[in-house]
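Each reported figure results from applying straightforward, stated rules to the coordinates on display, with no laboratory input. Keep in mind it's a predicted model, so treat the numbers as computed, not measured. When we count neighbours, we look across all protein chains shown, and the Cβ atoms used for this are built from the backbone with ideal geometry, even at glycine.
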Amino acid sequence: MTPNRDARILMTFPVTATSHLLAEARARGQYSALDKALKTMTPAEIGKEVTASGLQGRGGAAFSAGRKWSVIQLDDGQTHFLCANADEGEPGTFKDRWILENSPHQLIESMLIAAYALQVRHAFVYMRGEFSGPYRRLQAALDEAYDAGLVGENILGTGFSCDIIIYRGAGSYVCGEASALITSIEGKRGYPRNRPPRLTVKGLYQKPTVINNVETLSNIAWIVNNGSAAFKAIGSPKAPGTRLISISGHVAKPGVYEIEIGYPWKRLIYEDAGGMLGGAALKCVIPGGISTKVLTAAEVETLNLDPTEVEPAGSSMGSGGMIAIAEGTCMVRLLQVMLRFYHHESCGQCTPCREGMGWLHRIIDRIVMGMGRVEDLDQMIHISKLQDGNTICGMGDAAGYAVIGILAKYRHEFEHWITTGRSLCEGKLECLASS
Amino acid sequence: MSNALFTSLVGEFDRLRARFPAGFDSSLTLPCLRRIQEERGYVAEEDIDALTAYLGVPRIQVEEVLSFYTQFRREPVGRFHLEVCRNVSCSMRGAERLIRHLHDKLGVAIGGTTADGRFTLKTCECLGSCGTAPVMVVNDEYHENMSPEKADELLGRLG
């Protein structure tokens, strides 16, 4: 960890009206790592560097990028595919959008290096269908890179060729799950697939496929330029590097902040994000997307943004989508919003999720209508546990974590609504100080 | 039966097909449907017939895709399609007030279209714009940091 915990890898320049363009990106040194990789390194050497860097996935699961890559056999004679996951659908998460809009060449360069390391001829960016602005930015950046001979045939005259295709989704949360994403690129309903086989063995059209989150991939160029040892020197020993944290909710300055892993939680909320709206007190924080368990203000008081601290505290840094919630917010209504969402997004393949989400949603709606029953809360926990581990993808588990996490800490708010027929917090979701 | 709109897009689809690796025809289902919807405003029965024939994919695949992804529509919407996010961060920054306001102002239920065919009001789930909540999408363009007042102004400008 650097002394002040203020290392930066991705947000290293001031964003201006032109800072996303190729000329300025090159002036910042972008595409020098591609040159170095293609001209001085073998694919296997790049893979080794990435493994040695300890880079973990930034989409939520924090799986080792190097280990994922290492499943690909470079000499197996098969076609390999690479997909950048730009689906960014986990509520509270908007950090990949920062890269797509403000630093698209960082992603393109890193994808090309990854494609070389994995011997990929065609790479894809799977982008959520709603992202029309980020799509235009990335497509324009790709056009620039094609014109400059940085993408396509015979890149930089090295003989290496790789095309990058942006594939736009059309509105589906579950398509952020890697196997659903692949099924979607195949032009079908985004149904997750059972593993094994892993996607690195049989992925897109049954070919070995690596799917990495946009932010994960965007670190690759830096690692190639600076070396794995320099990367490991940033962040915490078991979780090197930085994270883009998108913070929203009841803070004065919501936005995307790059933090070195190990950064103090309170510093992010009270200094970077400007503190709580109108000086309201912090009630709790959803650390990394709504599928991660809520932590109370007391729990995050002395915590650092390091998975080795957040996980023992009972949650996870997830997708980096942090939501700060002010005192006075109704947790019953908040969970209602979440369960409506999960119910809407269940793909319907697995019975526990398809039925469970609807069941949970109906129960919470009933509580909010003042017709809750005392046994509802245990029933909700029971349903959540029924889903955990019993579905093809992690969505069944995730909704359960949200339920169990909120009920474990704010059960009294639910009991109050059930027994009195009304909210303990007047059903408020907006911050008192802001309205 | 001829489908003039589809026919006008075939050249574009051919170029798209050439950009994908061989054997990826099925993958063109989503991008082609997106383009058709951009042009027609929705996907019509005759578009499904034409696309099925063009790509050589089973008709059921196209129908499944259309019913699975929330952005696809089988029916026309108003000239301005308003979609307000109502997920966690947007709700925490006033999305519910915004939705109520638009509902009252336009006099339509969620999913409804005004009698003059100008506005369709819908809600949607997280759009990845939580830092600039609440967000409303109008015909695929994001309008961020929305409020009832700003929505009034926007609707006035849209005419």
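Exactly one of these conditions fails for B:S67: (1) more than 14 Å from chain A (Cβ to nearest Cβ); (2) small (G, A, S); (3) not in a loop (DSSP other than H, G, I, E, B). Give me its number.
(1)
List pairs: first in region A:73-85 and outside any strand (DSSP E or B), second surrounded by 13 or more Cβ atoms within 10 Å (Cβ to Cβ) and of a type in the set (F, W, Y), Cβ under 9 Å, 6+ apart or cross-chain?
Qualifying pairs under 9 Å: A:T79/A:Y205.
Does at least one position in region B:1-15 carry a residue that is away from chain A (no Cβ under 11 Å), of a type in the set (A, V, I, L, M, F, W, C), surrounded by fewer than 16 Cβ atoms within 10 Å (Cβ to Cβ) and in a loop (DSSP other than H, G, I, E, B)?
Narrowing region B:1-15 to residues away from chain A (no Cβ under 11 Å): B:1-15.
This time we only want the ones that are of a type in the set (A, V, I, L, M, F, W, C), so: B:1, B:4-6, B:9-10, B:13.
Now narrow it down to the ones that are surrounded by fewer than 16 Cβ atoms within 10 Å (Cβ to Cβ): B:1, B:4-5, B:10.
Filter once more, keeping what is in a loop (DSSP other than H, G, I, E, B): B:1.
Yes.
List every residue pair whose Cβ atoms sit under 7 Å apart, with the two residues 6 or more apart in sequence or on different chains, where the first one lies in region B:75-92 and is in a loop (DSSP other than H, G, I, E, B) and the second, anywhere, is aromatic (F, W, Y) and surrounded by 20 or more Cβ atoms within 10 Å (Cβ to Cβ).
Listed pairs, sorted by first residue: B:G78/B:F119; B:N87/A:F341.
How many residues are aliphatic (A, V, I, L, M) and surrounded by fewer than 22 Cβ atoms within 10 Å (Cβ to Cβ) if we restrict to region A:347-366? Lay out the reasoning, then the answer.
Initially, region A:347-366 is screened for residues aliphatic (A, V, I, L, M), giving A:357, A:360, A:363-364.
From the residues that got through so far, the ones that are surrounded by fewer than 22 Cβ atoms within 10 Å (Cβ to Cβ) too are A:363.
Total satisfying the criteria: 1.
Scan (1) within 17 Å of A:R128 (Cα to Cα); (2) away from every other protein chain (no Cβ under 11 Å) for the single condition B:E141 breaks and write down its number.
All conditions are met except number (2).
Just name the residue that is surrounded by the fewest Cβ atoms within 10 Å (Cβ to Cβ) out of those in region A:63-84 that are within 13 Å of another protein chain (Cβ to nearest Cβ) and under 19 Å from the mean Cα position of the chain (by Cα).
That would be A:C83.
Can you tell me which residues in region A:156-177 are charged (D, E, K, R) and within 10 Å of chain B (Cβ to nearest Cβ)?
If we filter region A:156-177 for residues that are charged (D, E, K, R), which is where we start, we get A:163, A:168, A:177.
A:D163, A:R168 - these are the residues of region A:156-177 that are charged (D, E, K, R) and within 10 Å of chain B (Cβ to nearest Cβ).
Quick one: in region A:395-422, of everything that is small (G, A, S) and surrounded by fewer than 19 Cβ atoms within 10 Å (Cβ to Cβ), which residue is nearest to the other protein chains (Cβ to nearest Cβ)?
Of all residues in region A:395-422, those small (G, A, S) come to A:396, A:398-400, A:402, A:405, A:408, A:421.
Still in the running and surrounded by fewer than 19 Cβ atoms within 10 Å (Cβ to Cβ): A:408, A:421.
Numbers: A:A408: 18, A:G421: 20 Å.
If we take residues in region A:395-422 being small (G, A, S) and surrounded by fewer than 19 Cβ atoms within 10 Å (Cβ to Cβ), then A:A408 is nearest to the other protein chains (Cβ to nearest Cβ).
This table checks each residue for (1) facing another protein chain (nearest Cβ under 10 Å); (2) part of a loop (DSSP other than H, G, I, E, B); (3) out of contact with any Ser or Thr (no Cβ under 9 Å at 6 or more places or on another chain); (4) without any contact (Cβ under 8 Å) to a residue 12 or more places away in the chain.
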{"site": "A:K188", "(1), (2), (3), (4)": "yes, yes, no, yes"}
{"site": "A:R193", "(1), (2), (3), (4)": "no, yes, no, no"}
{"site": "A:L199", "(1), (2), (3), (4)": "no, yes, no, no"}
{"site": "A:Y205", "(1), (2), (3), (4)": "yes, no, no, no"}
{"site": "A:N225", "(1), (2), (3), (4)": "no, no, no, no"}
{"site": "A:S246", "(1), (2), (3), (4)": "yes, no, no, no"}
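Do we find a residue being surrounded by fewer than 20 Cβ atoms within 10 Å (Cβ to Cβ), in contact with a strand residue (DSSP E or B) (Cβ under 9 Å, 6 or more places away or on another chain), of a type in the set (D, E) and not in a loop (DSSP other than H, G, I, E, B) anywhere in region A:158-169?
Yes: one or more hits.
Identify all residues within region A:112-133 that are under 27 Å from B:L33 (Cα atoms) and either more than 7 Å from every other protein chain (Cβ to nearest Cβ) or in contact with a helix residue (DSSP H, G or I) (Cβ under 8 Å, 6 or more places away or on another chain) (or both); write none if there are none. Steps first, please.
So the first thing to find is which residues in region A:112-133 are under 27 Å from B:L33 (Cα atoms), and the list is A:121-133.
Correct list: A:R121, A:A123, A:F124, A:V125, A:Y126, A:M127, A:R128, A:G129, A:F131, A:G133.
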